[in-house]
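Before any comments, here is the structure.
The values are calculated or read from the model by the stated rules, or taken from the named source; none is laboratory data. Keep in mind it's a predicted model, so treat the numbers as computed, not measured. Cβ placement follows ideal geometry from the backbone for every residue including glycine, while neighbour counts extend to all protein chains displayed. Just so you know, the surface numbers come from the protein's heavy atoms only, side chains and all, with ligands and any DNA or RNA stripped out. Shrake-Rupley method; radii C 1.70, N 1.55, O 1.52, S 1.80 Å.
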Amino acid sequence: MELERLVVGMLETNGYILYDEYSLEAFIIDPGDEVKTFIERIQKKRLKPIGIILTHYHYDHIGAVIELKEKYPMPVYIHKKDAKGLNDPYINHSISSFRKAIAIIPDKLVKDGDHIETSWVNLEIIHTPGHTPGGMCIKVKNENIIFTGDTIFNVDIGRMDLDGGDEQAMKNSIRNKISKWKDEVMIYPGHGDPASMEYVRKKNVEFLYMMKKR
Ligand SMILES: [Zn+2]
Ligand SMILES: [Zn+2]
């Protein structure tokens, strides 16, 4: 299994391509708003995209979905609680931020504990609401890799003041799920550099604050 990180768009959103070096099948996680960048990488590596997985519905993570899907027909996965926002340009903030309406009907709705599985990878869905109602992390089974979207970054956590944000839910996600991850787990966030959980436990002040806060 190979992993590539592409940093795209005004908000420097991380998109990821997770692929198998033998079959060349690829999952795309959070294609931001630079469809050309993704297509170039896919063509250069001769990859065969088999699915787009969205950590949440925000505009900076979903801009390339429609064009990518037109070029490479494949299902779009999102947590069931983020499906409505994905199809609503006001909730996903594409209208206010891009002045362009993005509305996407997902193909596959997932929930906590679901697996997206192929011959070469098994991805586990971990529901981590707080930034959005259906925000989720994606764990690669048998690897210390978890894609965390905008739930948690290396030294910060996701905003809770946008539509669907919920501080109590974020606190629960951090305490009941994220804080249980082992030190050697690497988080691959929606913005900024990847980091180990060991690093997060030392340097991420917002994470530490949420752990302490009553
Ligand atoms: Zn977001
Ligand atoms: Zn974002």
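Numbers for the structure displayed
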{"quantity": "At R0 = 30 Å, FRET efficiency that the Cβ-Cβ distance of Met1 and Lys100 yields, to 0.05", "calculated": "0.30"}
{"quantity": "Loop chymotrypsin sites (Phe, Trp or Tyr not before Pro), region 11-59 (other Cβ atoms within 10 Å of the site Cβ: 12 or fewer; DSSP)", "calculated": "Tyr22"}
{"quantity": "Label point distance in nm, Ser23-Met211, each placed 7 Å from Cα along Cα→Cβ", "calculated": "3.8 nm"}
{"quantity": "Within straight-line cross-link reach of Lys171, aspartates and glutamates at Cα separation under 20 Å, skipping those fewer than 8 residues along the same chain", "calculated": "Asp82, Asp112, Asp150, Asp156, Asp161, Asp163, Asp183, Glu198, Glu206"}
{"quantity": "Net length gained if the chain between Tyr199 and Lys141 were fully extended (0.36 nm per residue, minus Cα distance)", "calculated": "18.8 nm"}
{"quantity": "Qualifying trypsin sites (Lys or Arg not before Pro) for region 110-173 [loop in DSSP, other Cβ within 10 Å: at most 11]", "calculated": "Lys141"}
{"quantity": "Calculated over region 106-183: convex hull of Cα atoms, volume per residue (Å³)", "calculated": "98 Å³"}
{"quantity": "Computed E for Lys180/Glu117 - FRET, C-beta separation, R0 25 angstrom, nearest 0.05", "calculated": "0.65"}
{"quantity": "Distance violations [Cα-Cα > 20 Å] among Lys141/Lys202; Lys139/Lys203; Lys36/Lys100", "calculated": "Lys141/Lys202; Lys139/Lys203"}
{"quantity": "Rg/Rg_ref, region 2-212, where Rg_ref = 2.2 N^0.38 Å and atoms are Cα", "calculated": "0.94"}
{"quantity": "Proximal charge balance of Ile146 [Cβ under 12 Å; K/R count +1, D/E count -1]", "calculated": "+2"}
{"quantity": "Computed [θ] at 222 nm, deg cm²/dmol, the chain (DSSP H ≥ 4; -39,500 (n - 2.57); rounded to nearest 500)", "calculated": "-6500 deg cm²/dmol"}
{"quantity": "Percent carbon-and-sulfur accessible area, region 162-210, ignoring ligands, DNA and RNA, probe 1.4 Å", "calculated": "48 percent"}
{"quantity": "Label-point gap, in nm, between Lys108 and Glu12 - each point 7 angstrom along Cα→Cβ", "calculated": "3.2 nm"}
{"quantity": "In region 113-185, the GluC sites (Glu not before Pro) that fall in loop regions by DSSP, at most 11 other Cβ within 10 Å", "calculated": "Glu184"}
